[in-house]
Structure formats: C-alpha cells, structure tokens
Amino acid sequence: MKHSRSFQAAAWQRLKKNKGAVFGLVVIALAIITAIAAYFIAPDHSPFANRIILEIGGRKPGFQQEFVKVIKERKVIAPGFFGQLLSGKEDVYYYVPINSYEKKGDSIIVQKYIDEKLSEWRAYSLSQLAPGPITTRKFFLGTDKYGRDILSRIIIGTRVSLSVGLITVIISLSIGLLLGSLAGYYGGKTDNIIMWFINVIWSIPTLLLVFAITLVLGKGFWQIFIAVGLTMWVSIARLVRGQVLAVRELEYVEAARALGFSDLRTIVRHIWPNIMGPVMVIAASNFASAIIIEAGLSFLGIGVQPPQPSWGLMIKENYNFIITQNPMLALAPGFAIMLLVLAFNLLGNGLRDALNVRGKNFS
C-alpha cells in the first residue's frame, strides 16, 4: 500500500509538470463546473435555453436589443433549487423586442421591432408588464435563426458532451474490462471465442454500428449514450487482454492462486490495479472520441433531438450561416468541441507519460 501511494504521488508530480496535461485538466474542470451550474450561468435560463424570439434571429456576436417584459397569461410555477439546477426555470414573461418606448399614465407605448425598417406601435397596461418592464440584453455570441442565445445553448450543451463521454467510458470500461480479462486470464477456447467476437465488432465501421444500434433503440438523449458506449469497448478489451496476458504468470498472481483466492478476486483485487495505467489513458482517448461521434450523429440528425442543445446539432442548425453574413453561429460550437476534445487528448498524453505506460523506469 505504501508503494502504491508513493507511485501515485510520483505520478501526480509528473502530471503536474506537464503543461499540456495541466491545461487539459483546467479546461475539463471548468467544463464540469459549467455543466453542473449551466442553468445558473447561462443568460437564458429557460429549459434547454429555448427562448425563441424570431424577430432577432441570426444576429452577430455582441448584438444588443431592448425588450419589454410582458407577463404570460397562464401561471408559471417556479421550480425549487434542484429543479432549476436540473431543468432550468421557465420564463415568467414574454420578451418583446422594441425600438423605443414611452410611458403615459398607467400604460407604456412601445415601438415593437419586427424587422429592419419595419415596426409597429403597441400599448401595454402596466398591469400586463413586469415590475421593471424594460430590459436590455446583450448576446455575446449572437442568436441562431430562431432568435435563441448561442452562448446559453453552448453552456447547456456542455452537459450533453460531458454526459455522453462519461456514459460511454463507463459502458466501454465495463464491457472491455470484463471480456478482456476473461480472454487474457483463461486463454484457450475462452480467448478464441472472445477474440472472434472482438474481431467481428472491430471490423464494422463505428458510425455504421452506431447507426444500427440507434435504429434499434431509437433517436434520443439516452439512446445515443448507449449506442456510442456499445461501440467503443473493443479497443479497451484488446488492451486489457494484452495486459492480463503479460501479468497472469507473474509472482504476485501465482501467490494469489497459491493462497486459494478465487479467480474473480485475483482479477479484480490484484490484476486490475496493476493494469489501470494504460486503461486510464485509452479511457481519456475514448472520452474525446465519444464527444466527436455524438457531435457527428447530432449533426446528421440521429443524435440528440431538438430543442435540447447539442454542439453538433447547433452546427447543423446554423452551418448555412458560414457562407453568409454570420459564420460564428456555427463556428462557436465547433470551437467548443475542438477545445474539449483537445483537453481530453492532452490529459491522455499527460497520463501516458505520468504513469510510464511506454515502459520508462519509474523515478
């Protein structure tokens, strides 16, 4: 145990010296905090950041607009803290874009914005409006074609990318560790059968396999997690099999057998802790791959479904703006994908060096 703790401490010291890995860790930590507190951070705290204001659709970053807040006809029930944390808070008001306003007695006369060089005058009783009826909002990354805040949807979309990566890694680790350990530890017919199955799955293109699983499970939030997870266990299984083959004849494994420990205990308690270095490295790589696959599937329309924000879906909805007046609508979620994937790849490289996976002597 003392040796294990000293090795972990040494690995952590090596990891901290790797600037790329530290940068990756910082980005990942910020992404996790953003995902957890998304609805409190996002300017648009409505469920899925789906506040549609068609009049201001497709605006450039830094766009600013004045609104009058009109009370909704039906009563909106405010969620509790955890309700808002999980699903956001429905707007109590309609946000009506205006060019100008004038207060007259117990009414406010506004010039409602409809389009460029097009507006109409409207009168609202103060009883129809919020206590502070006029507000100005700035859209730092602009708005999409439905007038939704791009920044808010990127923030909420962080949840999808991190969730799909996490669920994928959990599923792929569970299947890969199990099958790889059985193949490497028992060998013989067990190894041949498992390796045949692994090679069959390995031969099928990842996207084609995801398509097939998605067709069976259907489109949706949870379905895409399972579909991606069930396609990424093969690399882990092959790695684990090779690692188990390398250590199963070592002295500590023979000692565990001589003491009468069960095969399950020998694998879980003695073999797994000693092969986790390479597994952690490939898990970080799979995390990054899962984010890219989910974004690609959402772009193709078989991943996360509207109105739930996904970075890939946002690119699909706004990619036509790339060749028009506002490319940032599609580039912003693309940059978010790139940054998060880069962070996990840098962390994976740092873990590889810190854990001496390439066979360097421990210092």
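The values are calculated or read from the model by the stated rules, or taken from the named source; none is laboratory data. These numbers were taken from a predicted model, which means no experiment stands behind them. Neighbour counts are summed over all protein chains in view; Cβ atoms, including those assigned to glycine, are modelled from backbone coordinates with ideal geometry.
Checked against (1) acidic (D, E); (2) touching a residue at least 24 places away in the same chain (Cβ under 8 Å); (3) over 19 Å from T143 (Cα atoms), E55 passes all but condition (3).
No other residue among L245, L230, L239 is at pLDDT below 90 and of a type outside the set (D, E) apart from L230.
Looking across E90, E66, E73, one residue alone is farther than 30 Å from F335 by Cβ, assigned by TED's automatic domain parsing to the domain that holds L141 and charged (D, E, K, R). It is E73. Of the helices (runs of 4 or more DSSP H) lying entirely inside the range 166-234, those carrying at least 2 residues that are within 15 Å of E294 (Cα to Cα) and in contact with a helix residue (DSSP H, G or I) (Cβ under 6 Å, 6 or more places away or on another chain) are 206-217, 221-229. Report yes if Y113 is part of a strand (DSSP E or B) and within 38 Å of the chain's Cα centre (by Cα), otherwise no. The answer is yes for Y113.
Annotation: N326 fulfils all but one of (1) more than 22 Å from T168 (Cα to Cα); (2) outside any helix (DSSP H, G or I); (3) under 17 Å from the mean Cα position of the chain (by Cα); the unmet one is (3). Would you confirm whether or not the range 245-266 contains a residue that is within 24 Å of L347 (Cα to Cα), in contact with a helix residue (DSSP H, G or I) (Cβ under 7 Å, 6 or more places away or on another chain) and not charged (D, E, K, R)? No, there is no match, as no residue in the range 245-266 is within 24 Å of L347 (Cα to Cα), in contact with a helix residue (DSSP H, G or I) (Cβ under 7 Å, 6 or more places away or on another chain) and not charged (D, E, K, R). Residues of the range 241-287 that are closer than 30 Å to M338 by Cβ and in contact with a Leu (Cβ under 8 Å, 6 or more places away or on another chain): G277, P278, V279, M280, V281, I282, A283, A284, F287. Taken over the range 59-80, residues that are surrounded by 11 or more Cβ atoms within 10 Å (Cβ to Cβ), charged (D, E, K, R) and more than 30 Å from the chain's Cα centre (by Cα) amount to 3. So in the range 279-322, with the set limited to residues that are over 13 Å from the mean Cα position of the chain (by Cα) and among the charged types (D, E, K, R), which one is modelled with the lowest pLDDT? Only one residue fits best here, namely E317.
The lone criterion from (1) basic (K, R); (2) more than 34 Å from the chain's Cα centre (by Cα); (3) within 30 Å of T324 (Cβ to Cβ) left unmet by R153 is number (2). Does at least one position in the range 172-186 carry a residue that is at pLDDT 90 or above, surrounded by fewer than 16 Cβ atoms within 10 Å (Cβ to Cβ) and of a type in the set (F, W, Y)? Checking the range 172-186: at least one residue is at pLDDT 90 or above, surrounded by fewer than 16 Cβ atoms within 10 Å (Cβ to Cβ) and of a type in the set (F, W, Y). The residue list V169, V160 contains one member that is assigned by TED's automatic domain parsing to the domain that holds V304, touching a residue at least 60 places away in the same chain (Cβ under 8 Å) and in contact with an Asp or Glu (Cβ under 8 Å, 6 or more places away or on another chain), which is V160.
Flag: K69 does not match the condition of being more than 30 Å from A354 (Cβ to Cβ) and free of Cβ contacts under 8 Å to residues at least 60 places away in the same chain.
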